[in-house]
1. Return the pairs, sorted by first residue and then second, in which the second residue is near the ligand (Cβ under 9 Å from one of its atoms) and assigned to a helix (DSSP H, G or I), the first residue lies in the stretch 164-183 and is over 12 Å from residue 54 (Cβ atoms), the beta carbons are less than 6 Å apart, and the residues are 6+ apart or on different chains.
2. Of the residues that make up the stretch 7-21, is at least one over 22 Å from residue 122 (Cβ atoms) and within 16 Å of the ligand (Cβ to nearest atom)?
3. Could you tell me which of the residues 176, 213 is farther than 21 Å from residue 42 by Cα, at pLDDT 95 or above and out of contact with any helix residue (DSSP H, G or I) (no Cβ under 7 Å at 6 or more places or on another chain)?
4. Within the stretch 40-66, work out how many residues are out of contact with any strand residue (DSSP E or B) (no Cβ under 6 Å at 6 or more places or on another chain), closer than 19 Å to residue 188 by Cβ and not charged (D, E, K, R).
5. Go through the stretch 26-74 residue by residue and tally those that are among the charged types (D, E, K, R) and either closer than 24 Å to residue 143 by Cβ or exposed (fewer than 15 other Cβ atoms within 10 Å of the Cβ) (or both).
6. So in the stretch 211-225, with the set limited to residues that are part of a loop (DSSP other than H, G, I, E, B) and among the aliphatic types (A, V, I, L, M), which one is farthest from the ligand (Cβ to nearest atom)?
7. Of (1) over 26 Å from residue 108 (Cβ atoms); (2) modelled with pLDDT of 95 or more, residue 182 satisfies all except one. Which?
8. Looking for something among the β-branched types (Val, Ile, Thr), at pLDDT 95 or above and assigned to a helix (DSSP H, G or I) - is there at least one such residue anywhere in the stretch 187-210?
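The values are calculated or read from the model by the stated rules, or taken from the named source; none is laboratory data. All values derive from a computational prediction rather than experimental measurement. Neighbour counts are summed over all protein chains in view; Cβ atoms, including those assigned to glycine, are modelled from backbone coordinates with ideal geometry.
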Amino acid sequence: MLRHTRKTAYASDRTLPDNLVRSWADSASRFGLRSGLATGAAAMDPIRRITREAYEIEVTTARTWLESARLMRIGPGAIAANPDGISMNSPMVRLLHRIGLFDPMEVPAKGSSSLQRVMEHWMPLETASGFLWLASPDNTRSMQVASGRAYVRAHLLATAAGVDMHPLSQALQEFPEMRGPREALYQTLDLGAADQTLQMLSRVGFATEALGPSPRRSLDSLLRI
Ligand SMILES: Cc1cc2nc3c(=O)[nH]c(=O)nc-3n(C[C@H](O)[C@H](O)[C@H](O)COP(=O)(O)O)c2cc1C
């Protein structure tokens, strides 16, 4: 019950416990995956650059922006009515939405002030103690399920050690416009040669704000008896 995906800024000056780093690698291998951790500016800065570029591609590509926009729940009323999408509850976003300066259905254009605002929200997501990745030797359905199990297990290990995690998946996506960042990421993580699949990339560290759990639909609403 303590495991939550924390999406706020993380401390930039804290190191991860050594035993957690070891348990991440052991746990991944039990599911048939390999994990790795990038720490320090020399290893993290290229990943920051790639993930930022990937996010900018996702938000300026109409169909991928709109896929998210249709799931945006802005403000407590919308979140409570549909507790299943992308919750947006910051006072600034709510205000901009209320006065008509933020319309989710408007795709941010390159060079526009709305893209600038969207990218400002990205910047806190560059803070972390490291980037943790999980890669699999093939991409079969059963390996995808094992990847999900390995990811949640890694997150539970982090939670037990007081460490937070947040996936940044944009650069892993397989639509054509994302090809540049995806290839750059595989190259940076040295995953290119052996036909591996990068299944998850997350920033890891210590969140500077303790926000509660993500909104959830009730169990009743998911069962038909
Ligand atoms: C394959 C996969 C990729 C995800 N990628 C992202 C991501 O890039 N950014 C993000 O904010 N959440 C992402 N999420 C969602 C979070 O990991 C998390 O599941 C969700 O926010 C629910 O929050 P909780 O972990 O607190 O229950 C992803 C989830 C999955 C399963």
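1. Between residues of the stretch 164-183 that are over 12 Å from residue 54 (Cβ atoms) and residues that are near the ligand (Cβ under 9 Å from one of its atoms) and assigned to a helix (DSSP H, G or I), the close pairs are 165/155.
2. Of all residues in the stretch 7-21, those over 22 Å from residue 122 (Cβ atoms) come to 15-21.
From the residues that got through so far, the ones that are within 16 Å of the ligand (Cβ to nearest atom) too are none.
No.
3. Values: 213 fails: at pLDDT 95 or above.
Checking each option against the conditions leaves just 176.
4. First, the residues of the stretch 40-66 that are out of contact with any strand residue (DSSP E or B) (no Cβ under 6 Å at 6 or more places or on another chain): 40-43, 45-46, 48-66.
Filter again for closer than 19 Å to residue 188 by Cβ, leaving 40-43, 45-46, 48-58.
Narrowing the set further to residues that are not charged (D, E, K, R) leaves 40-43, 46, 50-51, 54-55, 57.
Summing the residues that are out of contact with any strand residue (DSSP E or B) (no Cβ under 6 Å at 6 or more places or on another chain), closer than 19 Å to residue 188 by Cβ and not charged (D, E, K, R) in the stretch 40-66 gives 10.
5. Looking only at the stretch 26-74, we keep the residues that are among the charged types (D, E, K, R), and these are 26, 30, 34, 45, 48-49, 52-53, 56, 58, 63, 67, 70, 73.
Next cut, either closer than 24 Å to residue 143 by Cβ or exposed (fewer than 15 other Cβ atoms within 10 Å of the Cβ) (or both) only: 26, 30, 34, 45, 49, 63, 67, 70.
Of the residues in the stretch 26-74, 8 are among the charged types (D, E, K, R) and either closer than 24 Å to residue 143 by Cβ or exposed (fewer than 15 other Cβ atoms within 10 Å of the Cβ) (or both).
6. Start the filter on the stretch 211-225 by keeping residues that are part of a loop (DSSP other than H, G, I, E, B), which leaves 211-218, 223-225.
Now narrow it down to the ones that are among the aliphatic types (A, V, I, L, M): 211, 223, 225.
On the way: 211: 9, 223: 19, 225: 25 Å.
Selected residue: 225.
7. Failed condition: (1).
8. Kept after step one, since they are among the β-branched types (Val, Ile, Thr), are these residues of the stretch 187-210: 188, 197, 204, 208.
Then keep just the ones that are at pLDDT 95 or above; that gives 188, 197, 204, 208.
From what's left, assigned to a helix (DSSP H, G or I): 188.
Checking the stretch 187-210: at least one residue is among the β-branched types (Val, Ile, Thr), at pLDDT 95 or above and assigned to a helix (DSSP H, G or I).
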